[in-house]
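Taking it in order: structure first as structure tokens, then the write-up.
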Number of protein chains: 4
Amino acid sequence: MLIVMHHNASDKDIERVKKIIIDMGYKPVVIPGAERTAIGVIGNQGWVDDAPFRGIKGILEIIHVTKPYKLVSRDFHPHDTIIKLSDRIKIGGKSPFLVIAGPCAVESREQVFKTAQFLKKLGVKVIRGGAFKPRTSPHSFQGLREEGLKILYDVKKELDLLTITEVMSPEHIEMVEKHVDILQIGARNMQNFDLLKEVGKTKKPVVLKRGLSATIEEWLASAEYILLEGNPNVILCERGIRTFETATRNTSDLSVIPLVKSFTHLPIIFDPSHATGKKNLVPPMALASIIVGSHGVMIEVHPEPEHALSDGPQSLNFKEFEKLYLKINKLLTFMEEFE
Amino acid sequence: MLIVMHHNASDKDIERVKKIIIDMGYKPVVIPGAERTAIGVIGNQGWVDDAPFRGIKGILEIIHVTKPYKLVSRDFHPHDTIIKLSDRIKIGGKSPFLVIAGPCAVESREQVFKTAQFLKKLGVKVIRGGAFKPRTSPHSFQGLREEGLKILYDVKKELDLLTITEVMSPEHIEMVEKHVDILQIGARNMQNFDLLKEVGKTKKPVVLKRGLSATIEEWLASAEYILLEGNPNVILCERGIRTFETATRNTSDLSVIPLVKSFTHLPIIFDPSHATGKKNLVPPMALASIIVGSHGVMIEVHPEPEHALSDGPQSLNFKEFEKLYLKINKLLTFMEEFE
Amino acid sequence: MLIVMHHNASDKDIERVKKIIIDMGYKPVVIPGAERTAIGVIGNQGWVDDAPFRGIKGILEIIHVTKPYKLVSRDFHPHDTIIKLSDRIKIGGKSPFLVIAGPCAVESREQVFKTAQFLKKLGVKVIRGGAFKPRTSPHSFQGLREEGLKILYDVKKELDLLTITEVMSPEHIEMVEKHVDILQIGARNMQNFDLLKEVGKTKKPVVLKRGLSATIEEWLASAEYILLEGNPNVILCERGIRTFETATRNTSDLSVIPLVKSFTHLPIIFDPSHATGKKNLVPPMALASIIVGSHGVMIEVHPEPEHALSDGPQSLNFKEFEKLYLKINKLLTFMEEFE
Amino acid sequence: MLIVMHHNASDKDIERVKKIIIDMGYKPVVIPGAERTAIGVIGNQGWVDDAPFRGIKGILEIIHVTKPYKLVSRDFHPHDTIIKLSDRIKIGGKSPFLVIAGPCAVESREQVFKTAQFLKKLGVKVIRGGAFKPRTSPHSFQGLREEGLKILYDVKKELDLLTITEVMSPEHIEMVEKHVDILQIGARNMQNFDLLKEVGKTKKPVVLKRGLSATIEEWLASAEYILLEGNPNVILCERGIRTFETATRNTSDLSVIPLVKSFTHLPIIFDPSHATGKKNLVPPMALASIIVGSHGVMIEVHPEPEHALSDGPQSLNFKEFEKLYLKINKLLTFMEEFE
């Protein structure tokens, strides 16, 4: 940690800061400057809480050099984490690129089975579908909830597909865990810390979506909550952030993928459907995510997007998805010799 | 709702959209334009779900004229809501300006009682203090939790102050309700919809903070979740949003206060501590919020901000708060004759 | 300046950085940390260019402690700058609060004279009016240009009012200077560095608006361009920034005013018309800016806002402005004894 | 255009709006709704100025259906524009992908020639280099200006490369035009409308960078300024926008490329250097831009990035660029059969 003093901080102010550092068991190193003095804190074994320095006279700024996460950091765990989703399916490191697809929301048994059969035939291994739907307005469709979970369970049993669904509340975790294979934490819950702690107590793989206004650092600190409770199976999912631009649903910077991979050993996937909000932008962005090194994609597919109860405009129909899926495979083959 | 068609939408595309509108029980009104045609939907009694129109060929844009909330809207409830916090204390409408103050976090019995005695003596009626603390990093102080609630309960009993604390998880609501008078939903939980629904089932007043990246419309739609469950006692709290500017903790636009008051009948207060993150900016912004019509303020006060376990740099010490409190009262007196 | 090294930087990497610092004539101070080493640069007399460190192996981050401006900084010029606008009118320090008002655009001689006579009668000293209009679309009204400047000149002569107008291009400065008293640099031109340098060569007072996406630091660095060319008469003007919220035209944080006053000695005013974009939000925000310490306001007034060629929805009509002006004066009287 | 009336707008209010529409020569179409009435404006031949409706009693919102640009719109010019940069080199439509490379700033004859010889040998056709540098601080290197232009001219003559450089002020256009082949308008000048008009009067190709806080609509409206003056040779350049995330220099959403291509017939390229600000993120993003359909890339290359006078951390050295260039070509070959 570095403490930058005000231009006009007195010697007494500097001494006061040095004393606090010593009282905390660390060592102060004074760096005099032309305009202001800075004081380095050394001797710490990780994150230093800056609370004792806040409000102290003469301090201009407190700069953290250490990050607010440790277990998720590549500094402490240099090798890629590889997560076993089933006996045959893994994600992370050099594991095959993973395609997750399915409807935004579980709407009916027929809709899910129809989609699942289509996806299975194509070769997709994981189906998505929301049973609990976080919606801006309470007047919008809120999901089939427990009934939706049962449909996902039956799909999993009958068609031998892996399933993923969002969990919105700690009290639903137990029930969700019984019905599906992979838990999802949605963007709006990325800093629902009680929920993070509870999924951290399960052993299930967790897809942790980036929050609408979360920095990369905050996102990784949220993953740290899950790992700290004992669950190492976190898959990050980039889905864009909120900015002033409204031409797309979110603003999604794909350079985040290689950047995050340099910070953490966890796998990271991309959700082009929420990132763009427009079906015609989903294929190019899904393909581009392969180029930048994503470990997978999660794509919304619906038998009849025009009648979807949510996210219709960003869902592909079967024909569109099949076309994209073939392109994904063609590009993956090319990539094998590209590196 | 207005459906704007593409420049090159065919007559068949337009007919298809008209048919969907009729099938939904509404009436289409075609508005031909120089460059593109728009189709109005009329005959609806509220929010029209746009799902059936999504993905339909030829549609460029769907524009909602109706808002995603109804119960919180001034259109349907023109008069100010006045919330009874106790027999003597109310907020909203022309009720006296409400000052809520106290530490960011409940750290110890001594810290809370010391602050409470100071505040009571000054005339403050409501004390704040977090028992559950949402922190970016799991390595930071997480709050005293149940022990903190007990301290708040004792303060309430012994000093006859109203208390407010944040509730972060549905499973804690029952316990929190027993110990404090007012529930707070924090910025990070503004779209934790299960939590909103659960506090909607209580009768307690709820302070609903605006999310870091929430639009005003989303914020009001979150309040709608609480009202829809039967709890009309929602107090909105503006605390700034996240932007590219990092010189202050958040970016807080005070014009939001009169604007929100024109949209809704609910009371709205301002939190200058989180809005600015800097103690020297708290007094001017607290005072400015009075000018723009806020119903109250929530301010962080700590006996020793330099030793606070969280939010030290934005907490006022007793002397600073007293000075501000006197100014608030002086300005309120002036305001009585200003309008 | 502080250079933070990577977790796995080698001793050789650290030595390389130290050598560069020494070659630049400064002194390196090594601060070893638990996770990574930092190296302080000392001995500099101001801003250190970080170019030589960029791309050097082993460097994680470069942190500037010194600011990219000097002449505008309160560190080097602790006392408030007071700018003489005329023999009788000053701005800055403890000078009287300055109200600038007038139409967004100069539309006709009649419109400007009508407004000017109204403002003069009320006691307003400075009239605004754009002759050159920066408009998003080339199909919108672009201003009367030279003809508009002549109207402003005549108003100034006949009514003895000070005038302010925007200058958009270096080649117009000479002409604008001859016709008006105060030059304005618009938000979109805040980083039009050639324009800044040219107005820096005049002696006229310059109102420098904050850019839509400019940090406070960049804004002050832009002011530095003007001062560095020899013109110390810069008045900063906060007008809000662009964010994801579209309910108001811009997002304007009034805490910027006391914050900027702590960084610089230059005067700062507030533009509630552009900040909000809505006429009913202009009065509360104009008044609130007084509370936070603004040196003045710039407000759009139009004889018939409904027929304004630009910015109609944010312009006050005469009656609305008069009501606000009386309130401003009443609040200013109160403020004299408030501090 | 659609005018949405307030919930409580009276019949008189509605009649007033209808009258204004009729007075403007258009036709009003009333669309009654459950909560509020909307009034469509029909009969217009393009953009309708909303000025006459602003401030009119009873109006809640004005919604434009027509865009603020026309010449750049694909609606009016459905076929891709192909721009001739020289007898042999074109950009746009199905023309070969264009790689522009070179240093951020022209620093010396030696630096530019060394880079140019390297690029020419590789097969790159266009070299970039800034003679005029827009820098946040006036204390940073401002470019070699006229001397830099001469160096670019000599490179062009001696090595037969096309050259591109930024023009920052209308008064420099004539000089810049004589020395280089392609003019660049930088992000900070995207709404420097006088500059846009002046480059619109030349016949040179113009690369128009997107502004830091510009919407796609504003960017296209800026291009309209150039086309309207008679210069149809505009190449758009996406380089990311400013958001709350500071881990990368800007936030760049590649979906903007296919989206913009659906709105306009103009070519669009991508600048991964400014988009990311980090050299290791440049290659993946440059390659990803090919996948999403970019017409080219502009990449910063420097013989010794560690000694660059500006943008060192985002510049590739020769070895890094060569590696990337080979990958670009390999991917382009793959793409020929991918569509």
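The values are calculated or read from the model by the stated rules, or taken from the named source; none is laboratory data. Predicted model only: the values in this text are computed from it and were never measured. In this analysis, Cβ positions are derived from the backbone assuming ideal geometry, glycine residues included, and neighbour counts consider all displayed protein chains.
Select from the stretch A:54-76 the residues that are among the basic types (Lys, Arg) and modelled with pLDDT of 75 or more and write down the one among them that is surrounded by the fewest Cβ atoms within 10 Å (Cβ to Cβ). Quick ask: steps written out before the conclusion?
Let us first name the residues in the stretch A:54-76 that are among the basic types (Lys, Arg), namely A:54, A:57, A:67, A:70, A:74.
Filter once more, so that each one left must be modelled with pLDDT of 75 or more: A:57, A:67, A:70, A:74.
Working: A:57: 13, A:67: 20, A:70: 20, A:74: 17.
The qualifying residue surrounded by the fewest Cβ atoms within 10 Å (Cβ to Cβ) is A:57.
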Any hit, the stretch B:121-133, residues being charged (D, E, K, R) and either surrounded by fewer than 18 Cβ atoms within 10 Å (Cβ to Cβ) or not in a loop (DSSP other than H, G, I, E, B) (or both): yes
Identity of the residue in the stretch B:172-200, in a helix (DSSP H, G or I) and in contact with an Asp or Glu (Cβ under 6 Å, 6 or more places away or on another chain), that ends up nearest to residue A:188 (Cα to Cα): B:197
Test for residue B:228: is it among the aliphatic types (A, V, I, L, M) and within 14 Å of chain A (Cβ to nearest Cβ): yes
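Results for (1) surrounded by fewer than 24 Cβ atoms within 10 Å (Cβ to Cβ); (2) within 21 Å of residue C:290 (Cα to Cα), shown as yes or no for each residue.
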{"site": "B:228", "(1), (2)": "yes, no"}
{"site": "B:241", "(1), (2)": "no, no"}
{"site": "B:244", "(1), (2)": "yes, no"}
{"site": "B:255", "(1), (2)": "no, yes"}
Test for residue B:51: is it touching a helix residue (DSSP H, G or I) at 6+ places or on another chain (Cβ under 7 Å) and either within 14 Å of chain A (Cβ to nearest Cβ) or at pLDDT 95 or above (or both): yes
Matching residues in the stretch C:188-203 - criterion: being facing chain D (nearest Cβ under 9 Å) and touching a Leu at 6+ places or on another chain (Cβ under 6 Å): C:189
Every residue from the stretch C:313-335 that is farther than 19 Å from residue B:336 by Cβ and without any contact (Cβ under 8 Å) to a residue 24 or more places away in the chain: C:317, C:319
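Among D:108, D:86, D:137, which is the only one that is closer than 24 Å to residue D:233 by Cβ and either within 12 Å of chain C (Cβ to nearest Cβ) or modelled with pLDDT of 95 or more (or both)? Please lay out each step first, then the result.
Numbers: D:108 fails: closer than 24 Å to residue D:233 by Cβ; D:137 fails: closer than 24 Å to residue D:233 by Cβ.
Unique residue meeting the criteria: D:86.
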Selection status of residue D:4, at the interface with another protein chain (Cβ under 7 Å from one of its Cβ atoms), crowded, with 17+ Cβ neighbours inside 10 Å and at pLDDT 80 or above: yes
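Based on what the data block shows, is residue A:214 surrounded by 23 or more Cβ atoms within 10 Å (Cβ to Cβ), outside any loop (DSSP other than H, G, I, E, B) and of a type in the set (A, V, I, L, M, F, W, C)? Spell out how you get there, then give the answer.
Details: surrounded by 23 or more Cβ atoms within 10 Å (Cβ to Cβ): yes; outside any loop (DSSP other than H, G, I, E, B): no; of a type in the set (A, V, I, L, M, F, W, C): yes.
Spelling it out, it is not the case that residue A:214 is surrounded by 23 or more Cβ atoms within 10 Å (Cβ to Cβ), outside any loop (DSSP other than H, G, I, E, B) and of a type in the set (A, V, I, L, M, F, W, C).
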Residues located in the stretch B:321-339, provided they are in a helix (DSSP H, G or I) and acidic (Asp, Glu): B:322, B:336
Per-region count, the stretch B:141-176, residues more than 14 Å from every other protein chain (Cβ to nearest Cβ), free of Cβ contacts under 8 Å to residues at least 60 places away in the same chain and not charged (D, E, K, R): 11
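Conditions (1) under 30 Å from residue C:152 (Cβ atoms); (2) in contact with an Asp or Glu (Cβ under 9 Å, 6 or more places away or on another chain), marked per residue:
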residue	(1), (2)
C:41	no, no
C:55	no, yes
C:59	no, yes
C:63	no, no
C:73	no, yes
C:78	no, no
C:88	yes, no
C:92	yes, yes
C:97	yes, no
The one condition in (1) within 14 Å of chain D (Cβ to nearest Cβ); (2) modelled with pLDDT of 90 or more; (3) within 30 Å of residue A:36 (Cα to Cα) that residue C:80 fails to fulfil: (1)
Condition broken by residue D:227, with the remaining ones in (1) under 16 Å from residue D:67 (Cβ atoms); (2) in a loop (DSSP other than H, G, I, E, B) satisfied: (2)
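Considering B:112, B:29, B:99, which residue is crowded, with 16+ Cβ neighbours inside 10 Å, within 24 Å of residue B:290 (Cα to Cα) and of a type in the set (Val, Ile, Thr)? Give the steps one after another, and end with the answer.
On the way: B:112 fails: within 24 Å of residue B:290 (Cα to Cα); B:29 fails: within 24 Å of residue B:290 (Cα to Cα).
Testing whether each residue is crowded, with 16+ Cβ neighbours inside 10 Å, within 24 Å of residue B:290 (Cα to Cα) and of a type in the set (Val, Ile, Thr) leaves just B:99.
When the stretch C:167-181 is examined, which residues are found to be of a type in the set (A, V, I, L, M) and buried (at least 21 other Cβ atoms within 10 Å of the Cβ)? I'd like the intermediate steps shown before the answer.
Kept after step one, since they are of a type in the set (A, V, I, L, M), are these residues of the stretch C:167-181: C:167-168, C:173, C:175-176, C:180.
Within the stretch C:167-181, C:167, C:168, C:176, C:180 qualify.
Mind listing whichever residues of the stretch C:161-189 are under 14 Å from residue C:104 (Cβ atoms), polar (S, T, N, Q) and under 13 Å from the mean Cα position of the chain (by Cα)? Write out each step before concluding.
Narrowing the stretch C:161-189 to residues under 14 Å from residue C:104 (Cβ atoms): C:164-166, C:184, C:186-187.
Imposing the further condition that a residue be polar (S, T, N, Q) reduces the set to C:165, C:184.
Correct list: C:184 only.
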Condition broken by residue C:206, with the remaining ones in (1) within 14 Å of chain D (Cβ to nearest Cβ); (2) over 22 Å from residue C:284 (Cα atoms); (3) not basic (Lys, Arg) satisfied: (1)
Elements of type helices (runs of 4 or more DSSP H) in the stretch C:237-314, at least 2 residues being away from chain D (no Cβ under 14 Å) and over 29 Å from residue D:63 (Cβ atoms): C:256-263, C:282-291
Condition check for residue D:80: touching a residue at least 12 places away in the same chain (Cβ under 8 Å) and farther than 17 Å from residue D:305 by Cβ: yes
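Within the stretch B:285-339, which residues are among the β-branched types (Val, Ile, Thr) and surrounded by fewer than 16 Cβ atoms within 10 Å (Cβ to Cβ)? Write out each step before concluding.
As a first pass, look at the stretch B:285-339 and keep what is among the β-branched types (Val, Ile, Thr): B:290-292, B:297, B:299, B:301, B:328, B:333.
Scanning the stretch B:285-339 gives a single hit, B:333.
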Odd one out for residue A:139, checked against (1) in a loop (DSSP other than H, G, I, E, B); (2) closer than 30 Å to residue B:68 by Cα; (3) under 22 Å from the mean Cα position of the chain (by Cα): (3)
Selection count, the stretch B:222-250, where residues are of a type outside the set (Val, Ile, Thr) and over 11 Å from the mean Cα position of the chain (by Cα): 15
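Taking the residues in the stretch B:249-272 that are in contact (Cβ under 8 Å) with a residue 60 or more places away in the chain and of a type in the set (Ser, Thr, Tyr) as candidates, determine which candidate is nearest to residue B:78 (Cα to Cα).
Going through the stretch B:249-272, the residues in contact (Cβ under 8 Å) with a residue 60 or more places away in the chain turn out to be B:249, B:262-267, B:269, B:271.
Narrowing further to those that are of a type in the set (Ser, Thr, Tyr): B:262, B:264.
Numbers: B:262: 10, B:264: 8 Å.
Taking the candidates together, the pick is B:264.
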